[in-house]
1. Go through the stretch 84-99 and report how many residues are away from the ligand (no atom under 16 Å from the Cβ) and within 27 Å of Ala234 (Cα to Cα).
2. Of the residues in the stretch 100-122, how many are more than 16 Å from the ligand (Cβ to nearest atom) and surrounded by fewer than 20 Cβ atoms within 10 Å (Cβ to Cβ)?
3. How many residues are farther than 14 Å from Ala340 by Cβ, over 29 Å from the mean Cα position of the chain (by Cα) and exposed (fewer than 13 other Cβ atoms within 10 Å of the Cβ) when one looks only at the stretch 292-316?
4. Any residue in the stretch 264-274 that is crowded, with 23+ Cβ neighbours inside 10 Å, modelled with pLDDT under 95 and outside any loop (DSSP other than H, G, I, E, B)?
5. Go through (1) more than 16 Å from the ligand (Cβ to nearest atom); (2) not in a helix (DSSP H, G or I); (3) not acidic (Asp, Glu) and name the single condition Lys257 misses.
6. Going residue by residue through the stretch 176-186, is there one that turns out to be within 16 Å of the ligand (Cβ to nearest atom) and part of a helix (DSSP H, G or I)?
7. For the stretch 101-159, what are the residues that are of a type in the set (Ser, Thr, Tyr) and within 16 Å of Gln214 (Cα to Cα)?
8. For Thr172, work out the one condition from (1) modelled with pLDDT under 75; (2) within 16 Å of the ligand (Cβ to nearest atom) it doesn't fulfil.
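The values are calculated or read from the model by the stated rules, or taken from the named source; none is laboratory data. Keep in mind the model is a prediction, meaning the values are calculated, not measured. With ideal geometry, Cβ positions are generated from the backbone for all residues, glycine too; neighbour counts draw on all protein chains shown.
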Amino acid sequence: MQTQLDQLWETFKKSILFLITFLFISTAQLLAQDKFVVVLDAGHGGKDPGKVAKNIYEKNVALNIVLLTGKYLEAHKDIKVVYTRKKDVFVDLKERGKIANDADADLFVSIHCNAHHTQASGTETYVLGLHANKQNFEVAKHENSVIFMEDNYEEKYEGFDPNSPEAVIGMTLMQEEFLDESLLVASYTQEKFTKELKRVDRGVKQAGFVVLHQTYMPSILIETGFITNKNEGAFLKSKSGQQRVAKAIAQAILKYKKHLDENYVIEAPKKKEPKVKEARVVEGVDFKVQISSSKRKLPLKSYNFNGLKGVKRIKDGHFYKYYYGDTSDYDAINKMRNEARKKGYPDAFVVAFKGSKKITVTKALLMRKQ
Ligand SMILES: [Zn+2]
């Protein structure tokens, strides 16, 4: 009898402990959701040193700047920082993207250093985009070439060839919907570098970086300066230089967060005058879900689109783009996007049109009458 009671008591204690742990984890998750999540990505690492100039290693400079940037940001309670690496280890590009996507991050920032055989200097910040030129391509090619060090890279990147300028054209679609936001945070970064640190401004640029292609959120890649330049190299290697660069990056991220807070806050209803959450309807704008883009002209029958009804086709250059849904209600179109994703279009995303002109979703939402 006594042992039975003991057993019962043990089981009871275990259940209580389980319940407390469960509640604790759920609360922690709930709290974490409200935070602005930034993924800081220190380029290279481990067997991949990145660029090397005399005794300066890109992988070390990038990691130090990332850790310092993280420290500045972590002082803000409403920000959560996720790192792709905190040590000198090799992480492949796909894994970096996966870390960001799994964290459901709001922003992805990859940090690197430049090198050149001349005494070139200055900072530049990249977004994934097609306004690329040969010089930008060379920078991206160098950063992308790390995939050759990865196991099975041919399979992982589906035959992507970092040495082919054409190959990058095919990879930009995924980041298209984040282009405006990425450009904005990139410009804030260059602004901080130029105005506050008086660094040489090489501008905001676009090119095809594999690491930026893996993420589903606004993403930038910062070339913090040339380790091959005598002065800049010494600056980037020094603790104070790294601190100043990190602070500038952190400030740019904070400025971007502030911009989002000001533009996208859905106000919680005030206690005294409860009101229903306003529908996000933008008059004069048509939101659609882009489910695919193809050179093939498919008949618009639902059996061609996994059962999605009312798909429309718009010719855009050499491609036919296929759209599902048509509404000025942003929340309704998000539901339709989720439906499309469930029905076999995992990359489906929302686009906005004003008349026949395509505009960014960000711009469309800003047009909403307050
Ligand atoms: Zn690099």
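1. Going through the stretch 84-99 one residue at a time, the tally reaches 2.
2. Matching residues across the stretch 100-122 total 8.
3. The total comes to 5.
4. Within the stretch 264-274, none of the residues are crowded, with 23+ Cβ neighbours inside 10 Å, modelled with pLDDT under 95 and outside any loop (DSSP other than H, G, I, E, B).
5. If we test Lys257 against (1) more than 16 Å from the ligand (Cβ to nearest atom); (2) not in a helix (DSSP H, G or I); (3) not acidic (Asp, Glu), just (2) comes out false.
6. No - not one qualifying residue is present in the stretch 176-186.
7. Scanning the stretch 101-159 gives Ser110, Tyr126, Ser145, Tyr153, Tyr157.
8. Of everything listed in (1) modelled with pLDDT under 75; (2) within 16 Å of the ligand (Cβ to nearest atom), Thr172 misses just condition (2).
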